[in-house]
Structures are given as C-alpha cells and as structure tokens.
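Q: I'd like to ask some things about the structure below.
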Amino acid sequence: MIFKRAIIIIVGVLALQGFTTNNDTMIKENGVYIINTTTIGKDIEGYNGPTPLKVYIKNNKVEKIEFLKNVESPKYYAKVKKELQDKWNGLKVKNAKTLQVDAVTGATYSSTAVIQNVQLAIDYYQSHK
C-alpha cells in the first residue's frame, strides 16, 4: 500500500514538473506576453548550439527581443545582436511573422537560428494566446 502511494505521488510530481515547464514557455505580465524559446526551440541551433530568446509582445505588437544565454562565439553573436535585435520591434505580429530578414554576413548560422526562434515564438504566441 505504501509503495502504491509513493508511485502515485512520484507520478503526480513528474506531471506537475512537466506542466510547469510548458507554462514557462509563455507568460503574461502587465499585459505583455513573454515567449521563451528555450524549450520549444531547443532543436534550433546556431553555429555552436541553441540560441534561445525571449520575445515580448504587447497589444499584438512585438515590443522587443531578448537574447538569452547561449554558447555562440561572443564576437560573432555580438554582430547578430547588433543587426537583428531591433528588426521586429514595433511590428504587428502578422507583419513580424512575414518579415523577410537576411542573415548576418559572417554569422549566418547564428543569425538564421535567431530568425527561426523569433518566428517560432510568434507562431507559439498566435496559437496559445
């Protein structure tokens, strides 16, 4: 009987942990949706690995893109940040989704991963808001 209860408790805790992880993908604070691509974009890789972002959306417009911790080369990733960080700011979600953004020369893999993460975040927002 004790073993059965322990199994039920463990399964319940594991289910709650998975539920919490999914909730962390998109949160809403003060009217701003914040989409974190750490989990949903884990397979989108730059040159050295994943390039997670947080995309902030308010009133159906992209407010900003926040670059999260990654293992990309700092020198090249700085170029990506400089060129891409503000590309989507102020755009309505529908326009941000269709925006054609070129990869940054010399940092093609990293910038392509960032572009894909932004698109993924917008798609997630549109299907889960």
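Any read-out appearing in this document is the output of simple, stated calculations on the displayed coordinates, not a laboratory observation. All values derive from a computational prediction rather than experimental measurement. Here Cβ is always computed from backbone atoms with ideal geometry, including for glycine, and neighbour counts include all displayed protein chains.
Q: Which of the aspartates and glutamates could a cross-linker span from LYS58 if the Cα-Cα distance has to be under 16 Å and same-chain partners fewer than 8 positions apart are dropped?
A: GLU29, GLU66, ASP86, ASP123
Q: A follow-up question, please. Where the centroid of each part is defined by its Cα atoms, how far is the range 25-73 from the range 110-129 in Å?
A: 8 Å
Q: Past the 18 Å Cα-Cα mark, which pairs from LYS69/LYS92; LYS42/LYS129; LYS92/LYS129? Don't jump to the answer; show the numbers that get you there.
A: Values: LYS69/LYS92 27 Å; LYS42/LYS129 21 Å; LYS92/LYS129 15 Å.
Result: LYS69/LYS92; LYS42/LYS129 exceed 18 Å.
Q: Given contacts defined as C-alpha pairs under 8 Å and at least six residues apart, what's the relative contact order of the range 46-108, whole-number percent? Provide the component values of the computation, followed by the final result.
A: Numbers: 79 pairs, mean separation 20.4, N = 63.
32 percent.
Q: In a Debye calculation with equal point scatterers on the alpha-carbon sites of the range 16-129 and no solvent, what is log10 I(q)/I(0) at q = 0.10, 0.15, 0.17, 0.22 Å⁻¹?
A: Listed by q, the Debye log ratios stand at -0.27, -0.60, -0.77, -1.21.
Q: Counting residues in the range 32-98 as N, plug N into 2.2 N^0.38 Å and put the Cα Rg over that result.
A: Here the answer is 1.13, to two decimals.
Q: Expected output is a single nm value to one decimal: the length gained when fully extending between LYS79 and ASN48, i.e. 0.36 nm times separation in residues minus the C-alpha distance. What is it? Let's see the in-between values first.
A: Details: separation 31, 0.36 × 31 = 11.16 nm, distance 1.53 nm.
That works out to 9.6 nm of additional length.
Q: Excluding GLN116 itself, what net charge comes from residues whose Cβ is under 11 Å from its Cβ, given Lys and Arg +1 and Asp and Glu -1? The partial results should precede the final answer.
A: On the way: positive: none; negative: ASP43, GLU45, ASP123.
Taking every other residue near GLN116 into account, the sum is -3.
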